[in-house]
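Visitor: Pasting a structure below so you can have a look.
Just so you know, all these numbers are worked out from the coordinates, no wet-lab data involved. Please read all numbers here as calculations on a predicted model, not as lab measurements. Here the Cβ positions follow ideal geometry from the backbone for every residue, glycine too, while neighbour counts run over all protein chains shown.
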Amino acid sequence: MKKIINPWRHHPGYNCFGCCPENPIGLHLSFYEDGDDIVSTWHPGTNYQGWVDTMHGGILSTLIDEVCGWVVTRKMQTSGYTVQLNVKFRKAVPTTEPELTIRARVVKQVRNLLYISAEITNSKGEVCNEGEAVYYLMNQEKAQEMGFRYCEVEEE
């Protein structure tokens, strides 16, 4: 796996809840490229619960949405935004879960819409959540207006 270099890290005003390392209440996700997949890991905690000792569904949905966004950033080399997000909650995730793995990949592209599938697995490898996202892909001119140039990976 190759670590993805965050192309937004020096952009003025960057404070993404999902991936900004300096956001004090954020998830602080980092991402890796693993073949066709974009992958991240995350450690739950009690601050992200819905019910007692159970992860909030909105946070789990955010994890899926965020990794899908990074599919756009790395695989499509542009910026975009979520048009649709569907999440299936297969198994409750305890806030005490040691580590979650979030993984996403391109399913298909139709013009400027990218269809992405994602899943969250627990530390035992069990699928807890499945997601399907549709992202609108910005053209290069619009992406550049927003500050996007390119998304690279670190050398191994």
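Visitor: For the residues Arg149, Arg90, Arg74, Arg111, what sequence is obtained by ranking on other C-beta atoms within 10 Å, fewest first?
Guide: Taking fewest neighbouring Cβ atoms as first place, the list is Arg111, Arg149, Arg90, Arg74.
Visitor: I'm checking a number: the convex hull volume of the Cα atoms of region 9-50, normalised per residue, in Å³. What is it?
Guide: 95 Å³
Visitor: At 25 °C and a viscosity of 0.890 mPa s, what translational diffusion coefficient does Stokes-Einstein give for the chain, taking Rh as the Kirkwood radius over Cα pairs? Give it in µm²/s as a whole number.
Guide: Reported coefficient: 155 µm²/s.
Visitor: When only C-alpha pairs under 8 Å and at least 6 residues apart count, what is the relative contact order of region 2-145, in percent?
Guide: 22 percent.
Visitor: When Rg is the radius of gyration of the Cα atoms in region 116-156 and Rh is its Kirkwood radius, what does Rg/Rh come to?
Guide: 1.18
Visitor: Related question: Which ordering of Ile4, Ile25, Ile64, Ile120 is given by a fewest-first count of other beta-carbon atoms within 10 Å?
Guide: Ile25, Ile4, Ile64, Ile120
Visitor: Can you work out the PRE-style zone for Arg111? Point 7 Å along Cα to Cβ, and I want the residues of region 68-96 with backbone N under 18 Å.
Guide: Zone members listed by number: 80-84.
Visitor: Next question. Quick check on the exposure proxy: order Glu130, Glu141 from fewest to most C-beta atoms within 10 angstrom.
Guide: Ranked by crowding around the Cβ, least crowded first: Glu141, Glu130.
Visitor: Oh, and also: Taking chymotrypsin sites (Phe, Trp or Tyr not before Pro) that fall in a DSSP loop and have at most 11 other Cβ atoms within 10 Å as cut points, what is the longest piece of the chain between them?
Guide: 52-149
Visitor: What full-extension length gain, to one decimal in nm, is calculated for Tyr81 and Lys3 as 0.36 nm per residue of separation minus the Cα-Cα distance?
Guide: That works out to 25.8 nm of additional length.
Visitor: So, in the chain, how many Lys pairs have Cα atoms under 25 Å apart, if the pair is 8 or more places apart or on different chains?
Guide: Total qualifying Lys-Lys pairs in the chain comes to 13.
Visitor: Compute from the Cα atoms of region 49-88 the Rg and the Dmax, the latter being the longest Cα-Cα distance, and quote both in angstrom.
Guide: Taking only Cα atoms of region 49-88, I get Rg and Dmax of 12.6, 40 Å.
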